[in-house]
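One structure is given here, and the rest of the page talks about it.
The values are calculated or read from the model by the stated rules, or taken from the named source; none is laboratory data. What you see is a predicted model; the values in this text were computed from it and never measured. Backbone-built Cβ (ideal geometry, glycine too); neighbour counts: all protein chains shown. We work out accessible area using only protein heavy atoms, side chains counted, and drop any ligands, DNA or RNA first. Shrake-Rupley method; radii C 1.70, N 1.55, O 1.52, S 1.80 Å.
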Amino acid sequence: MEQERAPGPDFIRRIVIDDVAAGKHGGRVQTRFPPEPNGYLHIGHAKAICINFGIAADFDGECYLRFDDTNPLREDVEYVEAIERDVRWLGFDWDDRLAHASDYFPQLHEFAIELIRQGLAYVDHQSAEAIRTSRGTLTEAGTNSPYRDRPIDENLEFFAAMTRGEFEEGECVLRAKIDMASPNVNLRDPVLYRIRKVAHQRTGDRWCIYPMYDFAHTLSDAVEGTTHSLCSLEFEDHRPLYDWFLEHLPVPHTPQQIEFSRFNLMFTVMSKRRLKQLVDDGHVEGWDDPRMPTLAAFRRRGYTPESIRDFMGRIGVTKKDNVIELGLLENCIREDLNEHAPRRLAVLKPLRLVIENWPEDAEEWLEAANHPNRPELGTRKVPFSREILIERDDFMEDPPRKFFRLKPGGEVRLRYAYIIKCESVVKDENGVVIEIRCSYDPATRSGSGGDPGRKVKGTVHWVSARHAVAAKVRLYDRLFMAPYPGSGTDLGAELNPNSLETLDAAMLEPSLAVTAPGERFQFERQGYFYVDGDGAGDARPVFNRTVTLRDSWAKIERQAMAGQSGR
RNA sequence: UGGGGUGUAGCCAAGCGGUAAGGCAACGGGUUUUGAUCCCGUGAUACGCAGGUUCGAAUCCUGCCACCCCAGCCA
């Protein structure tokens, strides 16, 4: 059944299928998700996680979580903890396959020496500046370093001295000797090792030289036994270098690098630099602010890991540049929550409504379904009384056509209760409606079946004023106004000023008085809400809106608006 | 004007020489005590463009165009 929607194998899986069939790598499949612990994981990483762990699972293989921790300057344990938490939350398990590039430092060092012995690497004493200028440009070949042809013994000696810490940072580096005239800039004698006299979060002061990405990553794959090294498109022209290392060193395995396009989301920035900027500039409250695209933020927003995995399955895996519409992601979480979230009544922006013909102190507990399409989820009771609260948006004194909510003289059904009629309105001195006076029809109680011919167009949610529970509710909208933000210089100018609306006077049905962080509900007619764990210190529960319900009335309003302004 | 990639509907994406899957969005209709859900229906004479090969091409060949990535002692 689920199978029907399952897309055919993507191009990577197709390659893996062929490899397994051909008995390549002994029929084994091993992948890895290799984050650098220098920031939080965002939803773009989720694609790589799903691909790597997903393919391993599909082929009964294994996937490592390997930290590419080769630059102690920017890395921190705070990030490794956050990354582990997020990968686990997404639903993946690496068992004992947790690794770090730093675990391989000793072997990597041996490989470097081996390259020197073969005359394929040399210690370059040029300055960083000199190395850059001699690299040439995209259209002009580079020039050889004056140190390029020094004897192997000398290189061995200098590299040993580098390792011992006898040179200062920047004094020299170890470079591969490949081809300074290569049209592929990555092959113009890339730096293999640089000196960094800083402690590493795992190896401490053991090393003062650290390997560069290409060298460390390739050989970590090879040592670990990776069969398919899956990465994003920007590493495509690093592949010749990747293969060069494998060709020239006595590696135990020869993994194959395959590149896919990273995923982009409309109205979202994904680069670590820009995300950090949002945090540092105070545009959001932190890396896990629910408006951020980090996994930690999606978690606090109320997204389920299932919905994100579903989403990743739907966007596919190709080499094509892509920018996904927000609608698809929202569809995924709505689909999940529609199925699983229990329904509740909650009034976000309350307006007092008095039922004049309801006895002063009487109350009635009405039965309400927890899920309209899943009776097995049971029912609960909600109290009804003379004074109730309805949504401000559900009343209009002078409504447009097709508004079938409450209006003067109009009738509407109160969800799970009675049909009421608006008899009059009460306004304050400024003319603002502050109370609606209604009458109710006792014959119309929900479920009573009385007078089946009696129908009203609209149904409205409500809460008994006397029984209601106050709550704090956060309404989120997209962080950016610009569909493709980040292209300009001023990120702040592209922000949506209304990305967060905090409501302090939301009123909930009493069954919501006790909730646990992490619980999800649908507030009927409004959206899905998540109980945030940051409510500490506040007696009231705090709800974050995950996503609204689809709203065809809003669409009609928008079209009407467009029709008015657009001649 | 070096090298590496990519171009199928608004957004994704199948297709791999035999006459354009699917999802999301959009639009129309039905059910409905959530204007929700659910259900039904509608979209490319056409696959970046131009030639060519072939009985037959989105799929093969040639040329062109557009877009993305690369010159960190970052990953």
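Among residues of the stretch A:230-253 being open to solvent by 70 Å² or more (accessible area, probe 1.4 Å) and over 23 Å from A:Val317 (Cβ atoms), the one that is farthest from RNA strand B (Cβ to nearest atom) is A:Pro250. Can you pull out the residues in the stretch A:116-129 that are open to solvent by 30 Å² or more (accessible area, probe 1.4 Å) and not in a loop (DSSP other than H, G, I, E, B)? Correct list: A:Arg117, A:Ala128, A:Glu129. With respect to being touching a helix residue (DSSP H, G or I) at 6+ places or on another chain (Cβ under 9 Å) and over 15 Å from A:Tyr104 (Cα atoms), A:Gly165 falls outside the description.
Results for (1) assigned by TED's automatic domain parsing to the domain that holds A:Ser307; (2) surrounded by fewer than 23 Cβ atoms within 10 Å (Cβ to Cβ); (3) of a type in the set (A, V, I, L, M); (4) at negative phi, shown as yes or no for each residue.
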position	(1), (2), (3), (4)
A:Asp18	no, yes, no, yes
A:Ala21	no, yes, yes, yes
A:Arg28	no, yes, no, yes
A:Thr31	no, no, no, yes
A:Asn38	no, yes, no, yes
A:Phe53	no, no, no, yes
A:Ala57	no, yes, yes, yes
A:Asp60	no, yes, no, no
A:Cys63	no, no, no, yes
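When restricted to residues that are without any contact (Cβ under 8 Å) to a residue 40 or more places away in the chain and not hydrophobic (A, V, I, L, M, F, W, C), the stretch A:56-84 contains 6. Scanning the stretch A:289-303 finds no residues that are of a type in the set (Phe, Trp, Tyr), in contact with a Ser or Thr (Cβ under 7 Å, 6 or more places away or on another chain), open to solvent by 30 Å² or more (accessible area, probe 1.4 Å) and touching a residue at least 12 places away in the same chain (Cβ under 8 Å). Of the set (1) open to solvent by 30 Å² or more (accessible area, probe 1.4 Å); (2) assigned to a loop (DSSP other than H, G, I, E, B); (3) among the polar types (S, T, N, Q), all apply to A:Asn186 but (2).
Of the strands (runs of 3 or more DSSP E) lying entirely inside the stretch A:354-470, those containing at least 3 residues that are within 12 Å of RNA strand B (Cβ to nearest atom) span A:363-369, A:411-414.
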